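What follows is a short report on a single structure.
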Amino acid sequence: MSRIVYVNGEYLPEEEARVSVFDRGFLMADAVYEVTSVVDGKLLDFAGHAARLERSLNELDMAAPLSADALLEIHRELVRRNGLDEGMIYLQITRGAPPDRDFVFPDPEVTPPTVVLFTQAKALVDSPAAETGIKVISIDDMRWGRRDIKTVQLLYPSMGKMMAKAAGADDAWMVEDGLVTEGTSNNAYIIKDGKIITRHLGNEILHGITRAAALRFARESQFEVEERPFTLEEAKEADEAFVTSASTFVTSVVSIDGVSLGDGAPGPVATRLREIYIEEIRKASI
Ligand code: PMP
């Protein structure tokens with residue numbers, strides 16, 4: 001069934017939606033994005049995603065083309081028009097389509113940003129990966145130095161997923177200077193003696209919206225949390241591990257480079273945190 005998507009102020013059937021070949025998102029990955037999950041037709045942590053979007057735009061000297069309220073209305077309208085019950089809304093803002101290809105940023109007065117949003121239906125709460133846990137491999141982190149900005153430069157993460165697939169795994173954890181940064185599309189955590197350990201915020205990782213909420217809920221539920229880098233060796237000796245992202249919530253990692261963690265099934269801490277996360281984030285959905 002054809003979706004209704006949003007492009008620059010219009011709601012259109014996906015077949016009719018168009019973006020210029022000169023668009024800097026297409027030519028230069030000069031674009032930022034957000035993915036907000038929908039459960040029971042309601043948005044999870046929209047405020048968090050709107051705030052990070054504003055930060056990403058600021059870091060790239062791009063003006064916000066729409067207010068957070070206007071963006072919320074577009075998200076809701078897409079949910080309505082597509083009858084979306086569970087899944088995600090993808091939003092992308094590019095620096096627009098200047099008359100010619102040029103490395104220099106175009107004048108925003110002349111070249112307005114391109115704004116695209118579309119829906120993706122998917123079962124998120126009852127996901128097969130959450131039942132079994134996922135297997136990860138480790139790969140070198142070869143991305144650029146501003147991973148805190150949520151840009152559409154996703155080629156290396158995409159290659160990482162393919163490397164994982166080729167190795168019979170589900171995903172890859174990236175390693176820099178011996179330390180785990182994050183997963184290809186999620187933040188990475190280990191659990192040792194009941195303590196949840198995850199890399200501290202910085203330019204090296206994306207500041208996950210799910211990470212922020214999950215750590216808040218974990219602390220409120222009296223789990224011990226430590227934000228610091230951890231090595232791959234430490235991860236392989238952990239009791240449990242998990243990842244977080246807007247669409248996977250909290251998902252257990254059951255093996256790293258073929259080394260099973262615990263008994264090779266989702267562990268108690270990650271399982272409990274997933275339950276708490278889903279319960280709390282749904283309560284606050286809008
Ligand atoms: N790290 C990376 C590299 C990601 O691509 C993502 C998801 N886009 C995340 C972490 C998780 O972020 P969030 O919880 O905001 O989805």
Exercise for review: Would you mind pulling out the separation of the Cα centroids of region 127-164 and region 190-250, in Å?
Suggested key: 16
Revision key, fill the gap. Residue-normalised value, i.e. accessible area per residue, for region 128-283 at 1.4 Å probe, in Å², stands at 44
Review point. Given only helices, namely DSSP H runs of n ≥ 4 each adding -39500 (n - 2.57), what is the per-residue ellipticity at 222 nm of the chain, to the nearest 500 deg cm²/dmol?
Key: -9000 deg cm²/dmol
Practice item. Report, by chain and number, residues whose modeled amide H sits under 5 Å from the one on residue 5, excluding near sequence neighbours (fewer than 5 apart, same chain). Key: 12, 14
Review point. Over region 137-286, one equal point on each Cα, no solvent: what is log10 I(q)/I(0) by the Debye formula at q = 0.13, 0.17, 0.18 Å⁻¹?
Key: -0.54, -0.94, -1.06
Exercise for review: For region 232-286, state which GluC sites (Glu not before Pro) are in a DSSP loop and have at most 15 other beta carbons lying within 10 Å of their beta carbon.
Suggested key: 237
Point to revise | Backbone HN-Hα couplings from phi across region 195-201 [Karplus 6.51/-1.76/1.60, Hz, Gly and Pro as x] | key: 8, 8, 10, 8, 4, 5, 6
Check your understanding: Mind checking which lysines have their C-alpha under 29 Å from residue 195, skipping anything on the same chain fewer than 8 residues away?
Key -> 135, 150, 161, 236, 283
Study note, to complete from the structure: Phi-derived 3J(HN,Hα) across region 230-239 with the Karplus relation (6.51, -1.76, 1.60, θ = phi - 60°), rounded Hz, x for Gly and Pro, is 9, 8, 5, 5, 4, 5, 5, 9, 6, 6
Revision key, fill the gap. Phi angles of region 259-276, converted by Karplus (6.51 cos²θ - 1.76 cosθ + 1.60, θ = phi - 60°) into ³J(HN,Hα) in whole Hz with x for Gly and Pro, give 8, 6, 9, x, 9, x, 10, x, x, x, 5, 5, 5, 5, 5, 4, 4, 5
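Excluding ligands, DNA and RNA, what is the solvent-accessible area per residue of region 4-121 at a probe of 1.4 Å, expressed in Å²? The partial results should precede the final answer.
Numbers: 5850 Å² over 118 residues.
Value for region 4-121: 50 Å² per residue.
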Check your understanding: Carbon and sulfur together cover what percent of the accessible area of the chain at a 1.4 Å probe radius?
Key -> 53
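The values are calculated or read from the model by the stated rules, or taken from the named source; none is laboratory data. On a predicted model such as this, the values are computed, not experimentally measured, just so you know. Here the Cβ is made from the backbone with ideal geometry for all residues, glycine too, and neighbour counts use every protein chain on show. Heavy atoms of the whole protein, side chains included, go into the accessibility calculation; ligands, DNA and RNA do not. Shrake-Rupley method; radii C 1.70, N 1.55, O 1.52, S 1.80 Å.
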